[in-house]
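First comes the structure, then the notes that go with it.
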Amino acid sequence: MANELQGKKIAFLAADAFEESELMKPWEALKDAGAQVELVSLEDGEITALNEQELKAGKSIRVDKTAEEANADDYDGLVLPGGVGNPDKLRADENAVHFVRQFFEQGKPVGAVCHGPWTLVEAGVVRGRTLTSFPSIQTDIRNAGGNWVDEEVHVDNGLVTSRKPDDLDAFSKKLVEEIAEGKHQGQKPTVQAEATPS
């Protein structure tokens, strides 16, 4: 079990004001399963978590690559942690949105928790998919053509989603399983449908 993801490389895409537990818990779970993990962000340097309950800075983490430099070809999966400010910054960045879309085009597993699916909405990859998220963004998901469910963790053809920090154990377990399975052809049709002009 410890080497389930040996030889796999996973990107975590995050920016300042990420929810600390939603990055660190899956990060440790994937490393424990043998994966190599890298942090991709909008700029070089470090990003800092925001404790939204106390409105103060949390842990800082060094960035391995920028979204402009990173390419999904180099990774076996992607994780999008939540927090409110983090995905709001990512969805406004063209390079970050393109990076996310690449994983769907290549059929690779993607995990998103809490507000993380906001970036999926911006990337145009939720149409026809079933996912969960923090309840406050369910309308955004539905408006983008997705089917929102209120579940601890939901898996849809390699897309793993959860609602909040309390769901992270279930989220991390499913993430390891989906990444171990490899590519999912069910990821691709969504993107192709989005890319076709109406």
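The values are calculated or read from the model by the stated rules, or taken from the named source; none is laboratory data. This is a predicted model, so every value here is computed, not measured. With ideal geometry, Cβ positions are generated from the backbone for all residues, glycine too; neighbour counts draw on all protein chains shown.
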If you scan region 7-35, which residues turn out to be without any contact (Cβ under 8 Å) to a residue 60 or more places away in the chain, in a loop (DSSP other than H, G, I, E, B) and over 20 Å from Asn71 (Cα atoms)? Gly34
Of everything in region 6-27 that's closer than 29 Å to Ala92 by Cβ and among the charged types (D, E, K, R), which residue is surrounded by the fewest Cβ atoms within 10 Å (Cβ to Cβ)? Lys9
Examine region 76-88 for a residue that is under 12 Å from the mean Cα position of the chain (by Cα) and polar (S, T, N, Q), and state whether such a residue exists. yes
Neighbours by Cβ (under 8 Å, 6+ apart or cross-chain): first from region 41-57, acidic (Asp, Glu); second part of a loop (DSSP other than H, G, I, E, B): Glu43/Val63; Asp44/Val63; Glu46/Val63; Glu52/Glu19; Glu52/Gly83; Glu52/Val84
Hey, any hits in region 135-152 for a residue that's buried (at least 20 other Cβ atoms within 10 Å of the Cβ), at negative phi and under 14 Å from the mean Cα position of the chain (by Cα)? no
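Report, by residue number, each residue of region 92-106 that is more than 12 Å from the chain's Cα centre (by Cα) and either more than 13 Å from Glu69 (Cα to Cα) or crowded, with 18+ Cβ neighbours inside 10 Å (or both). Can you show your working first?
Here is the first cut: in region 92-106, the residues more than 12 Å from the chain's Cα centre (by Cα) are 92-95, 98, 102, 105-106.
Passing the criteria: Ala92, Asp93, Gln102, Glu105, Gln106.
Would you mind stating whether Glu68 is modelled with pLDDT of 95 or more and outside any strand (DSSP E or B)?
Details: modelled with pLDDT of 95 or more: yes; outside any strand (DSSP E or B): yes.
Here the answer is yes, as Glu68 does meet what is asked.
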Closer than 22 Å to Gly7 by Cβ and out of contact with any strand residue (DSSP E or B) (no Cβ under 7 Å at 6 or more places or on another chain): is that true of Glu151 in this structure? no
Among Val79, Val100, Val40, which is of a type in the set (Val, Ile, Thr), within 23 Å of Gly145 (Cα to Cα) and part of a strand (DSSP E or B)? Val79
Among residues belonging to region 52-65 that are assigned to a strand (DSSP E or B) and at pLDDT 95 or above, point out the one that is surrounded by the most Cβ atoms within 10 Å (Cβ to Cβ). Ile61
